[in-house]
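All remarks here apply to the structure that follows.
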Amino acid sequence: MFKIITTCLFALLSFNLSAQNTVQDEMGEFSIETTPKRIVVLEFSFVDALASLGVSPVGVADDGDANRVIPAIKSKISAWTSVGGRSTPNLEIISSLKPDMIIADMERHATIYEDLKKIAPTLILKSRGESYKDNLAAVAKIGIILDQDAKMQQLIGAHHVRMDAFAKKINSDKKFLFAISSTRGFTMHSPKAYAGGVMERLGLRSAIPEETEKAYVRSTLERLVKANPDYLLVGEYGDQTAVDDFKKSPLWNMISSVKNKTYLETNPILWSLNRGMIAAEIMAQELQTVIK
Amino acid sequence: MRVQPRIVFITLIFILLLFSLWHIGAGAIYIAPLDVFKALQSSDSEHNFIVNNFRLPRLLISGLVGAALAISGLLIQGVIRNPLASPDVLGVTSGASLAVITLAVFWPDAPTSYIPPAALIGGFSATALLLFLARHLLHRPAAFALVGIALAATFGAAIDYLLTVNPLEINTAMLWLTGSVWGRNWDHLPLIAPWLAVLMPLALLLAYRLDLLGLGDDTATSLGIGVKKLRLLCIVVAISLASAAVSVCGSIGFVGLVSPHLVRSLLGHRHLLLLPATAITGAILVISADLFARILMPPIELPAGILTAFIGAPYFIFLLCRYKNW
Amino acid sequence: MSSNNIQLCASSPWQRFRNPLIFAFIGVTFSVSLIYSLIAFSQFSLAGGDLLKVIFNYNADEINQQIIVGLRLPRTLVAILVGIAMAIAGLLMQGITRNPLASPSVFGVSAGAAFAFAFASTGLLPALTHIPVLFITMAGAFISGVFVFFLGGLHLPQVNPIRVVLAGVALNYLCISMTRSAVIFADEHAYGVLHWLIGSVSNTRMEDVYTMSPGLSIGLILAVLLAHKLNLMHIGEEMMNSLGGNAKKVRILASIAVILLIASAVSVAGPVGFIGLMIPHIARAMIGQDYRLLVPLCALLGATLMLVADIFSRVIRFPDDSPIGIITSVIGALFFLALALRQVRRQP
């Protein structure tokens, strides 16, 4: 009992003495005493958050391909070291970079949380499968930890102002859908997915509003025809993908967006991988130019 | 081609040491052989962190998992007397995988530390079911294997069904299924080491009796061996080892199938010699697989299970083509 | 298996009507599932009326009709053809190996074809992309078939049926790991490679039916022509040779048919499992050992089972689609287990 009280007192004292920043992350309370300088991030969404603050990460889990970070973000930060794939980041490289903080994704990196903590304090947040709102919450937490809370709140405010402006200009009552097409199939992104959330933020209707549980919905041509989006944006991974098979069917031409020539091929790296405020504004810009 | 056992053992141990050294030295961060020793000795060496936290535990776990799988394969082949038998064929791996997938599907928030015990329970339940269904077949090894195969197919279908109806996307369970040593650390060592420490001596005790079993059931019985009991014991030991291995690293294929063949072609059929040699061979296989998984496409890490398939599969085909003693 | 349950000629009135009744019953089941499969479980409310309109008053601009013609019809046709191909392939394999467990999936032949298909489409060897899919799957089926033949000891005078199964399983295992590896090497987000390994008819088009038809027709014609010879073979090889038949020739021709059938099914739908194992057993339980009846009955049963499985694959996660292979695998693996247990009890 005595021990607990002293620990509590000690904790209180140390809290008062140092400029400690504390947030709730997915594993509980995360606090750090000094402002981190060498940061390793294990998902693309965290790169966006750091870039908005003008902070360059020393290491990024970029799947071994630096082009998976969109140019708009890349230009804001200096070159980084790749720490391998997002699903199995290379712990040796992370530790050799001698980071003073690691930002990890709850879904992918919970298994190696303990190992990461041994290397450096690890902030574990939602990234994979996050919604637009989840992302903003995570961004705000990163702001607090980097001791730039005020600046981050200001950036988020400015982002909302710009998004409101886009929403006003776009102002459409049509049904929108973003989907990913690969050799293995066609996956629609519901309003729960990031791209769907951005569309919702801009006041656009989703073609699949009934999907409130799942972020990513695997789909056949029949379901796509049923969803019947007025605007269909497809990000293709590869040259010959599921959507190329769809195009050969007469039903393809019955989809409203194909009929109205508002079918659009987009960059899946922007629309699906690089989740964050910078990407969201570029997506809004792209939407504004296509909408007639 | 029979070789002096002494030479075989010296060569195997030499190769094991060589690969271990290479395993610790090579990777995304290169550590020169001399620095490896320095890092192992003193805690203030610059590579100490990487060696002690990542490479050493991975090396030990790969080695132990390989040894466990290889011994398991040797015992099962010895009992079933078929060169194509292995722990995977008897449904242990798929039983363990089914348990992990079930955990991930029905309890997605379960901590990841629950995966190894779930796999262990799955592997043992699969064995219990197999022993129950094939309880009259212990004297007919091939028929026993057939029931194991059918059971494995059933588990496989159940896994496919669960994964399709509840898509898990890329997550821990999927990663675990492919068989990998990535992210394994000192905490995983107690999940495999005790099993091996207990069951390896037991397997050595069984070795002489297994040799007699190789002479045929009648001869073995006339020499005072309880054939049925021996088979049961061997199968239980083999499957426990395989379950423990799978519970740590997921399904790493072909090790249990290939290592016994390789060693048998060098050492003949005396299990007392075969057992340790097979264990070392299995360790070498998994260690080299993990090594290549790290150094082939750095900084990307490949699953070691894929690499054992690449090393094991061609060798397996080669072996089968010249195998005569069916 | 003894030869006295062969019913080459029917005698009693019940036996005279039994076979036509069986065929009629399955024919009706088939037709009902066919119609149901064409219109049921869609997000569009399709009805029998739409089907009638397609037949009598076709209008290509109406969406319901277009769904039936453009999506449901090819899918249903492919399901039927794959069912026929796999069932007949299984029947022939069981006939020539006299092994009740012989079938495309248990012997690893369809896994071999699927591996060839997956390997070619990953583009690791660019030359392979110019060869038609059918030839690639044929090569895969042929190579794995040859492997099973020799590894399983089918060329030896004394065949151990379980050894063949072990060879098939080992091969199956090998092909599955290699398919996984090929896909993981070629594609970085490839942990969900399940659909390469399960078999599905979800996104099929009319072209797939054309891809299948040449191999399927040759395979079927061969099966029909060989039916009588297989009857003789069933009685015994010496008997057959003394009657002027050539067992070796029958085996080779039947093997060609098997490879063609499996290759054409896998090239379109992937390795849909266990149809070839189940159907011949069910058919034999219904009408006995006469291959002249078994060939058409297996075709009909295989098609019906695939149609029913396809309907189920749409139901279990409606409105999401599931690959048909998981339905046939779950039923088929349990069937396999039961068959294996029966098989080992029978042979002491």
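The values are calculated or read from the model by the stated rules, or taken from the named source; none is laboratory data. Not measured: the values here are computed from a predicted model. Because the Cβ atoms are built from the backbone with ideal geometry, glycine has one as well, and the counts that use them run over all protein chains shown. Heads up: the accessible areas ignore ligands, DNA and RNA and are worked out on the full protein's heavy atoms, side chains in. Shrake-Rupley method; radii C 1.70, N 1.55, O 1.52, S 1.80 Å.
Eigenvalues of the alpha-carbon gyration tensor of segment B:1-99, scaled by 5 and square-rooted, set the equivalent ellipsoid semi-axes at 34, 21, 9 angstrom, largest first. Inter-chain neighbour count for B:137-144: the average number of beta-carbon atoms from partner chains within 10 Å of each residue's beta-carbon is 3. Taking all protein chains into account, the per residue accessible area for segment A:240-292 stands at 41 Å² (1.4 Å probe).
With the Cα gyration tensor of segment B:138-236 giving a ≥ b ≥ c as the square roots of its eigenvalues, does the rule (a/c under 1.5 for rounded; else a/b larger than b/c for prolate; else oblate) give rounded, prolate or oblate? Verdict is oblate for segment B:138-236.
Excluding ligands, DNA and RNA and using a 1.4 Å probe, chains C and A jointly bury around 2000 Å² of accessible surface, summed across both partners. Bridge orientation summary for chain A: considering DSSP beta bridges with both residues in this region, about 40 percent are antiparallel.
Quotient of the Cα radius of gyration of the protein assembly as shown and 2.2 N^0.38 Å, N being its number of residues: 1.02.
Among the residues of A:178-184, the average count of other protein chain beta-carbon atoms within 10 Å of the residue beta-carbon is 3.
In order along segment B:251-258, the Karplus-derived 3J(HN,Hα) couplings, from 6.51 cos²θ - 1.76 cosθ + 1.60 at θ = phi - 60°, round to 8, 10, x, 6, 5, x, 7, 8 Hz, and Gly and Pro are given as x.
Summary of packing: across the peptides C:69-75, B:61-67, the per-residue average of other C-beta atoms within 10 Å ranks them, highest first, as B:61-67, C:69-75. Computed from protein heavy atoms with a 1.4 Å probe, the total accessible area buried between C and B is close to 3800 Å².
With K and R counted +1 and D and E -1, the other residues having a Cβ less than 12 Å from that of A:Asp147 yield a net charge of 0. Backbone geometry of segment B:19-35 corresponds, through the Karplus equation with coefficients 6.51, -1.76 and 1.60 at θ = phi - 60°, to 3J(HN,Hα) couplings of 5, 5, 4, 5, 4, 6, x, 8, x, 4, 10, 7, 10, 5, x, 5, 5 Hz, x marking Gly and Pro. Rounded to two decimals, the Cα-based Rg/Rh of chain C, with Kirkwood Rh, is 0.98. Could you name every residue in segment B:45-66 that has 40 Å² or more less accessible surface in the full protein assembly than in its own chain alone (probe 1.4 Å, ligands and nucleic acids excluded)? Listed in order, they are B:Phe49, B:Phe54.
Shielding value for B:248-256 is 1, the average number of Cβ atoms from other chains within 10 Å of each residue's Cβ. Tally the DSSP beta bridges in the protein assembly as shown and give the antiparallel ones as a percent, rounded to 5. For the protein assembly as shown, the DSSP antiparallel bridge percentage is about 40. Summarising the strand pairing of segment A:140-292, around 45 percent of its internal DSSP beta bridges are antiparallel. Anything losing 50 Å² or more of accessible area from the isolated chain to the full protein assembly: pick those residues out of segment C:300-331, probe 1.4 Å, ligands and DNA/RNA ignored. Residues shielded by partner chains are C:Arg317, C:Asp320, C:Ile326. Each principal axis of the Cα cloud of segment A:142-237 was taken in turn, and the coordinate range along them, longest first, works out to 49, 30, 24 Å. In terms of its C-alpha gyration tensor, segment C:298-348 comes out oblate, because a/c is 1.5 or above while a/b does not outweigh b/c. From most to least packed by mean Cβ count within 10 Å, the peptides B:189-197, A:279-287 give A:279-287, B:189-197.
The residues of segment B:99-200 have, on average, 39 Å² of accessible surface per residue, using a 1.4 Å probe with all protein chains present. Run the numbers on segment A:249-287: which residues show a drop of 40 Å² or more in accessible area, chain on its own versus all protein chains together, using a 1.4 Å probe over heavy atoms? Buried by 40 Å² or more upon assembly, which counts only protein chains, are A:Leu251, A:Met254.
For the chain pair A and B, the interface hides roughly 2100 square angstrom of accessible area in total, found with a 1.4 Å probe. A dipole drawn for the protein assembly as shown from +1 and -1 charges on Cβ atoms has a positive end, and of C:Phe17, C:Gly270, C:Thr129 the residue lying farthest that way is C:Phe17.
A rounded overall shape is assigned to segment A:19-138, the ratio a/c of its alpha-carbon gyration tensor axes (a ≥ b ≥ c) being less than 1.5. The order of the peptides B:219-232, A:217-230 by mean Cβ neighbours within 10 Å, most packed first, is A:217-230, B:219-232.
Computed 3J(HN,Hα) for segment A:234-251, one whole-Hz value per residue from the Karplus formula 6.51 cos²θ - 1.76 cosθ + 1.60 where θ = phi - 60°, is 10, x, 9, 9, x, 8, 9, 10, 4, 5, 5, 5, 4, 4, 6, 8, x, 5, glycine and proline marked x. With one equal scatterer per alpha carbon and no solvent term, the Debye-computed log10 I(q)/I(0) for chain B at 0.08, 0.13, 0.15 1/Å reads -0.37, -0.95, -1.23. Stokes-Einstein diffusion for segment A:172-292 at 10 °C, viscosity 1.306 mPa s, with a Kirkwood radius from C-alpha pairs, works out to 112 µm²/s. Accessible area per residue for chain C, computed on protein heavy atoms with a 1.4 Å probe, is 41 Å². State the percentage of accessible surface on the protein assembly as shown attributable to carbon and sulfur atoms; use a 1.4 Å probe and exclude ligands, DNA and RNA. Roughly 65 percent, rounded to a whole number.
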